[in-house]
Amino acid sequence: MAASGASEPFVTFSRIRKTYDGESYVIRDLNLEIAEGEFLSLLGPSGSGKTTTLMLLAGFESPSGGTITLNGRTLNELPPHKRDIGMVFQNYALFPHMTVAENIAFPLSVRGVAKAEQRERVARALDMIELGRLGGRKPSQLSGGQQQRVALARALVFEPRLVLMDEPLGALDKALRETMQYEIKRLHRRLGVTIVYVTHDQGEALTMSDRVAVFEGGAIQQIASPTSLYEDPENAFVADFIGENNGLAGQVVGFDDGYAVLTLPGGRTFKGRAGGTLKPGDAAVLALRPERVTVDPGDGEAQNRLSGTVEEIIYCGDHRRIHLATGQAGHFVIKVPNTQRTILPANGEPVDVSWRYDDCKIVDARSA
Amino acid sequence: MAAGAEADPMPRAGRDAYRAARRKEAMRSLAFALPLLVFLVAVFLYPIGALLLRSVQSEDVAAALPRVSAGLAAWSGAALPPSPVFEALAADIAAAQERGTLVSAARRLNTYEPGFRSLILKTARRLPDPAAGPVAPAFVAIDPRWGETETWHFIQRASARITPDYLLAAIDLRAGPRGLSELPPDQRIYQAAFARTFLISGTVTLLCLILGYPVAYLLATLPPRQSNRLMIFVIVPFWTSLLVRTTAWYVLLQPNGVVNALLAQAGLTREPLALMFNRTGVLVGMTHVLLPFMILANYAVMRGISPSYQRAAVSLGAHPAIAFLRVYVPQTLPGIGTGTFLVFVLAIGYYITPALLGGGGDEMISQLIAFQMDRQLNWGLAGALSVYLVLLTLAVYFVFNHFVGVDRLRLG
Ligand SMILES: Nc1ncnc2c1ncn2[C@@H]1O[C@H](COP(=O)(O)OP(=O)(O)O)[C@@H](O)[C@H]1O
Ligand SMILES: [Mg+2]
């Protein structure tokens with residue numbers, strides 16, 4: 001199920017642009033390949049163009065430029081009802097005047113599947129979502145989680161090879177959302193369908209996906225596996241958007257032993273792994289995860305060092321968060337796991353911290 | 001928890017306090033509604049009730065001819081009444097003439113048999129004198145109808161204070177000496193008029209649905225700015241005087257009006273078409289006047305239907321037309337029901353538009369009610385026709401309530 005198959009990609013977006021008003025692009029030059037059987041999440045802040053991308057693929061919007069192919073076939077002229085793409089809407093869009101069973105049978109009945117076979121497949125779908133006995137209910141008589149399952153069953157019952165989900169868990173509370181995440185993953189593994197999943201919840205994207213495409217301003221900032229996104233962000237937006245980050249903004253002054261050298265406006269320099277396209281003179285940001293910093297002056301071996309004053313210590317159970325005020329590097333956060341026996345400084349005390357060159361990355365300050 | 005609650009009911013004092021508070025609340029809301037209730041009773045329920053009562057009341061004859069009424073109470077109807085009844089008639093007519101109540105009694109009797117009015121008035125002019133000999137032959141000499149039992153039968157019926165006769169007459173039935181019978185075909189009016197009223201109302205409702213549903217759909221699905229602009233075209237006529245709108249159709253539908261001029265110019269017609277003072281005029285006018293109700297009722301429901309349902313249906317493989325029919329239309333049934341109900345109920349009682357644009361012999365029930373009230377001064381029959389109209393409306397209401405539910409009735 002890995003993304004990089006040698007074979008023809010299942011879905012491709014090439015040079016897709018979309019404008020609703022003729023004045024500004026909601027999607028600018030989108031290029032994307034999705035492998036068959038992949039679970040791809042589109043993650044990004046509200047208004048970044050995720051839903052639009054999904055609608056282009058489903059056929060409810062048409063691109064202003066570029067082509068989309070599905071399984072080798074160009075989709076631009078194919079009307080949405082002939083695309084055989086299952087879709088789960090944020091508010092489920094279960095038909096309120098039909099029972100659960102009728103809802104699930106709908107895609108079969110419009111395809112002219114015989115009544116007996118419809119019944120059998122609906123029964124199987126109901127079993128799959130563990131709502132076997134609720135087929136006769138109206139959607140309004142179900143809880144939010146049950147409605148969500150019915151929407152899933154309805155989108156899967158006609159065995160589409162591609163399923164699109166637009167923030168399908170957005171309306172559920174946290175506990176239920178986690179159950180459903182697991183449920184969706186289970187179905188994905190079992191059925192082997194390709195899923196494109198829109199969310200603005202990074203936790204959801206990171207735990208469920210094979211790959212995540214981070215959207216911002218109508219463009220993909222980075223598309224990679226959850227691990228790479230976290231460990232190897234390609235620009236400052238991705239570093240900030242995924243997880244927690246300390247960003248030290250400065251300028252690349254050169255390269256040393258494979259590391260990029262960044263100088264802050266005040267003159268301090270740091271080293272870190274270099275982002276792909278950086279050249280000396282570029283504006284860049286040193287991206288550093290709070291848990292990679294240790295409260296220790298360090299031994300000078302391939303380590304960046306910084307000193308500051310403790311502003312606040314917050315106890316979070318399994319770890320403590322320490323907020324530091326540092327002169328040039330501004331506000332700085334570190335996380336200290338509760339297992340460390342370090343003797344922590346008290347509020348207002350000076351402290352020295354350090355982190356390895358390999359644990360930080362110097363990335364482009366501009367978004368894609 | 002539940003067992004605990006059962007074992008430990010709320011103390012009595014608490015319950016009483018709660019009830020007292022509820023009662024006070026109810027009284028207060030009643031006080032707010034009181035002016036409206038008084039108004040409704042005074043100007044709506046009371047007059048309607050009085051009119052409906054008229055349909056079974058018959059005071060005129062009993063009041064004008066009290067002695068005859070009393071004399072006929074025991075009459076079997078087999079032969080002519082005995083001569084004291086004839087004498088009573090002479091005395092009653094004389095007294096009624098003096099009091100001025102004879103004309104209304106004569107008018108009332110005329111509703112049984114055309115010509116009865118002139119019979120009474122003619123008899124009153126040449127009233128036989130009981131002192132001059134037997135009265136019965138003298139009456140027969142004035143008019144042979146006094147020698148027929150049927151004449152006396154009508155007087156007997158008319159002198160009952162509570163009568164089913166108006167209610168019967170309103171559906172073309174008559175109670176004769178030999179039980180109920182239908183009026184002769186040339187005198188039947190009302191059954192046909194009720195049927196016609198239903199037919200016209202049904203046609204108007206259907207036309208409103210056909211014309212209004214797509215407009216409502218457009219209003220509900222267009223972007224808000226365009227939708228608001230279009231809404232003006234629905235609302236402004238709604239605010240315009242009914243009379244103005246109806247008379248505007250005169251200008252359009254006249255033989256030399258706009259529509260006929262256009263048709264002639266396009267070479268489609270040689271002669272001007274008769275577009276008003278007939279059924280066409282009524283249908284056009286009423287459809288126009290009632291259309292906003294249909295549009296608004298459907299719009300109110302459609303506005304609440306998310307477009308994602310149709311999208312979902314299409315994504316599941318339904319052609320957009322199938323998605324519309326199987327997923328959208330069923331969700332608008334409450335709107336269709338409400339609109340149909342409103343338009344139909346308003347149409348069966350409609351008056352001004354058919355009165356102005358309709359033709360003779362093609363009247364709706366409301367026009368016949370008005371005719372009985374203004375021209376014939378037959379409030380009993382007008383009341384009886386109104387009773388049926390109210391019953392029909394209630395029947396429509398119950399059918400609507402059964403299939404749609406009145407709680408779903410909403411407008412705008
Ligand atoms: N039907 C539409 N008409 C006009 N603008 C739209 C429409 N749908 C979305 N937009 C605009 O396109 C941008 C991207 O929207 P969307 O794709 O819904 O973002 P997301 O799903 O990431 O929140 C937003 O600025 C939004 O206002
Ligand atoms: Mg969205």
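Exactly one residue among A:Gly170, A:Gly217 is within 16 Å of ligand 2 (Cβ to nearest atom), over 23 Å from A:Met87 (Cα atoms) and either out of contact with any helix residue (DSSP H, G or I) (no Cβ under 7 Å at 6 or more places or on another chain) or modelled with pLDDT under 95 (or both), and that residue is A:Gly217. Contact map, the stretch A:70-84: residues that are within 12 Å of chain B (Cβ to nearest Cβ) and surrounded by 11 or more Cβ atoms within 10 Å (Cβ to Cβ) paired with residues that are assigned to a loop (DSSP other than H, G, I, E, B) and among the aromatic types (Phe, Trp, Tyr), Cβ distance under 7 Å, separation 6+ or inter-chain. Pairs shown: A:Pro80/A:Phe60.
Could you check how many residues of the stretch A:154-176 are touching a strand residue (DSSP E or B) at 6+ places or on another chain (Cβ under 9 Å) and within 14 Å of another protein chain (Cβ to nearest Cβ)? Total satisfying the criteria: 16.
Condition check ((1) within 14 Å of chain B (Cβ to nearest Cβ); (2) modelled with pLDDT under 95; (3) within 16 Å of ligand 1 (Cβ to nearest atom)) across all residues:
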{"site": "A:Gln90", "(1), (2), (3)": "yes, yes, yes"}
{"site": "A:Ala105", "(1), (2), (3)": "yes, no, no"}
{"site": "A:Val113", "(1), (2), (3)": "yes, no, no"}
{"site": "A:Gln118", "(1), (2), (3)": "yes, no, no"}
{"site": "A:Val122", "(1), (2), (3)": "yes, no, no"}
{"site": "A:Ala125", "(1), (2), (3)": "yes, yes, no"}
{"site": "A:Gly136", "(1), (2), (3)": "no, yes, no"}
{"site": "A:Gly145", "(1), (2), (3)": "no, yes, no"}
{"site": "A:Leu152", "(1), (2), (3)": "yes, yes, no"}
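One residue alone among A:Ser46, A:Ser41 is touching a Ser or Thr at 6+ places or on another chain (Cβ under 9 Å) and either in the same structural domain as A:Arg133 (by TED's automatic domain parsing) or within 15 Å of ligand 2 (Cβ to nearest atom) (or both), and that residue is A:Ser41. Residues that are within 13 Å of ligand 2 (Cβ to nearest atom) and more than 14 Å from chain B (Cβ to nearest Cβ) within the stretch A:53-64 comprise just one, A:Thr53.
Scanning the stretch B:292-341 for residues that are more than 10 Å from every other protein chain (Cβ to nearest Cβ), of a type in the set (Gly, Ala, Ser) and crowded, with 23+ Cβ neighbours inside 10 Å gives B:Ala297, B:Gly335, B:Gly339.
For beta carbons closer than 7 Å, sequence separation of 6+ or different chains, a first residue in the stretch B:126-152 that is without any contact (Cβ under 8 Å) to a residue 60 or more places away in the chain and a second that is of a type outside the set (Ser, Thr, Tyr) and not in a helix (DSSP H, G or I), the qualifying pairs are B:Val135/B:Pro128; B:Ala138/B:Pro128; B:Phe139/B:Pro128; B:Ile142/B:Arg126; B:Glu150/B:Pro177. Elements of the type strands (runs of 3 or more DSSP E) sitting completely within the stretch A:216-268 and holding at least 2 residues that are in the same structural domain as A:Gly49 (by TED's automatic domain parsing): these cover A:219-224.
Inclusion of A:Leu30 among residues that are closer than 19 Å to B:Tyr309 by Cα, within 16 Å of ligand 2 (Cβ to nearest atom) and among the aliphatic types (A, V, I, L, M) is not warranted.
If the condition is being among the hydrophobic types (A, V, I, L, M, F, W, C) and either closer than 23 Å to A:Phe158 by Cβ or surrounded by fewer than 19 Cβ atoms within 10 Å (Cβ to Cβ) (or both), then the stretch A:190-205 contributes A:Leu191, A:Val193, A:Ile195, A:Val196, A:Val198. Among the residues of the stretch A:181-202, not a single one is more than 14 Å from ligand 1 (Cβ to nearest atom), among the aromatic types (Phe, Trp, Tyr), out of contact with any helix residue (DSSP H, G or I) (no Cβ under 6 Å at 6 or more places or on another chain) and closer than 28 Å to A:Cys360 by Cβ.
Among the conditions (1) modelled with pLDDT under 95; (2) among the aromatic types (Phe, Trp, Tyr); (3) away from ligand 1 (no atom under 13 Å from the Cβ); (4) closer than 25 Å to A:Gln221 by Cβ, A:Phe39 misses just one, which is (1). Scan A:Ala123, A:Ala101 and give me the residue that is exposed (fewer than 15 other Cβ atoms within 10 Å of the Cβ), more than 16 Å from ligand 2 (Cβ to nearest atom) and free of Cβ contacts under 8 Å to residues at least 40 places away in the same chain. On inspection, the qualifying residue turns out to be A:Ala123.
Only one of the numbered conditions (1) surrounded by 19 or more Cβ atoms within 10 Å (Cβ to Cβ); (2) within 16 Å of ligand 1 (Cβ to nearest atom) is not met by A:Ser46, and that is (1).
The values are calculated or read from the model by the stated rules, or taken from the named source; none is laboratory data. All values derive from a computational prediction rather than experimental measurement. Here the Cβ is made from the backbone with ideal geometry for all residues, glycine too, and neighbour counts use every protein chain on show.
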